[in-house]
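The structure appears right after this line, and notes come after that.
Here, each number is a calculation from the coordinates, and none is a lab measurement. It should be emphasised that the depicted structure is a prediction, and the values quoted were computed from it without experimental measurement. In this analysis, Cβ positions are derived from the backbone assuming ideal geometry, glycine residues included, and neighbour counts consider all displayed protein chains.
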Amino acid sequence: MSLQKDPEGFEKKILHQYADFTNARVLEVGCGEGRLTWKYAAASRLTVGLDPDQDAVRVAQADSPHDLRGHVHFTRASAKNIPLAKERFDIAVLAWSL
Amino acid sequence: MVHALDEIRRTLTPDGILIDLRPVEDNWLVEVASQDAVQVAGKLTDVPIGQADDAAAFRAMREVESLGWFVREREQEFSFFYYWDTPSEMKEFIDTEWEDFEKIEDSVLKAAQSVWASANADARVRVRVKMLITRWRKIQEPPSR
């Protein structure tokens, strides 16, 4: 299939207008396979992606660029019960998931 | 949904921000785009399940705003395009991936096929998805007495 999503890059451009990810600790809820994650994670200090779909999390983990693996993590979890400590993140991103 | 937003709020620092980025149903346009021109072929049809999901999301955000958990700082709409090489590939995707929230009527598909066939050789079909991005700021809880 020839599907291409947002080749103009509007989503990335606007996302960066709305939040400064530089050195930030970011929680992404509904990260899926990490399509959006890779548009900001390199700038962050820590990125944690959550998704209830184990298969999607596996793909995100497998596609992680080697140089980002130290500070980008993906976990299977639901937003209804986030297995993380309180007040840990500067930015939360609801990625096509509300 | 509100419980999930409370969980997200719990993980945020006292002045943390929440970015809500999502598509909003609005009978998205089907277009044929080439280097030189963009032609509108028609509109997709919103499906009730998707409309209900959108309504629930807006309701949840209004509720957390009224509860004083977050304050809305900034918001805008923008376009997010899905492109396919051919109308049939577009239809296959819509029928399988978007079945819960959008459908393409035969008349719109036929119009897209007609416009695409007569357009320049580099023409592709695309759907203009309406996106909404909102930045919310966590409101600090008053110190307990």
Only counting other Cβ atoms within 10 Å, I'd like A:Thr47, B:Thr86, B:Thr96 sorted with the fewest neighbours first. B:Thr96, B:Thr86, A:Thr47
What residue among A:Leu27, A:Leu50, A:His16 has its Cα farthest toward the positive end of the dipole of region A:14-55, where the charges are +1 on Lys, Arg and -1 on Asp, Glu, each on the Cβ? A:His16
About the Cα centre, charge dipole magnitude for chain B (Lys/Arg +1, Asp/Glu -1 at Cβ), debye: 660 debye
Cα-Cα over 30 Å, subset of A:Lys12/B:Lys110; A:Lys13/B:Lys43; A:Lys39/B:Lys130; A:Lys5/A:Lys86; A:Lys5/B:Lys103: A:Lys12/B:Lys110; A:Lys5/A:Lys86
Each residue of B:18-27 has, on average, a number of other protein chain C-beta atoms within 10 Å of its C-beta equal to 5
Can you tell me the orientation of helix B:48-66 relative to chain B, as the angle in degrees between its alpha-carbon axis and the longest Cα principal axis, to the nearest 10? 30 degrees
A:Glu8-A:Lys86 FRET efficiency (beta carbon distance; Förster radius 22 Å; 0.05 resolution): 0.05
Using unit Cβ charges (K, R positive; D, E negative) and no other charged atoms, how large, in debye to the nearest 20, is the dipole of the protein assembly as shown about its Cα centre? 1020 debye
Charge dipole magnitude, Cβ of K and R +1, D and E -1 - region A:20-94, Cα centre, debye nearest 20: 200 debye
Treating the angle as unsigned and between 0 and 90°, give the value, to the nearest 10°, between the Cα long axis of helix B:2-11 and the longest Cα principal axis of chain B. 70 degrees
Cα lying deepest toward the dipole's positive end in the protein assembly as shown, options B:Thr13, A:His66, A:Tyr40, charges on Cβ: B:Thr13
Relative contact order %, region A:17-59, counting alpha carbon pairs below 8 Å whose residues are six or more apart: 46 percent
B:Arg10/B:Val47 FRET efficiency (R0 30 Å; Cβ-Cβ; nearest 0.05): 0.35
For region B:2-138, what is the relative contact order in percent, using Cα pairs closer than 8 Å and at least 6 residues apart in sequence? 45 percent
What average count of beta carbons from other chains do you get within 10 Å of the Cβ of residues in A:83-90? 5
Just to confirm my numbers, what's the Cα centroid distance between region B:1-48 and region A:16-82 in Å? 19 Å
Hey, if you put +1 on the Cβ of every Lys and Arg and -1 on every Asp and Glu Cβ in region B:47-145, which of B:Gln140, B:Phe78, B:Ser107 ends up farthest toward the positive end of that dipole? B:Gln140
Cα-based helix-to-principal-axis angle, B:87-97 vs chain B, degrees rounded to 10: 30 degrees
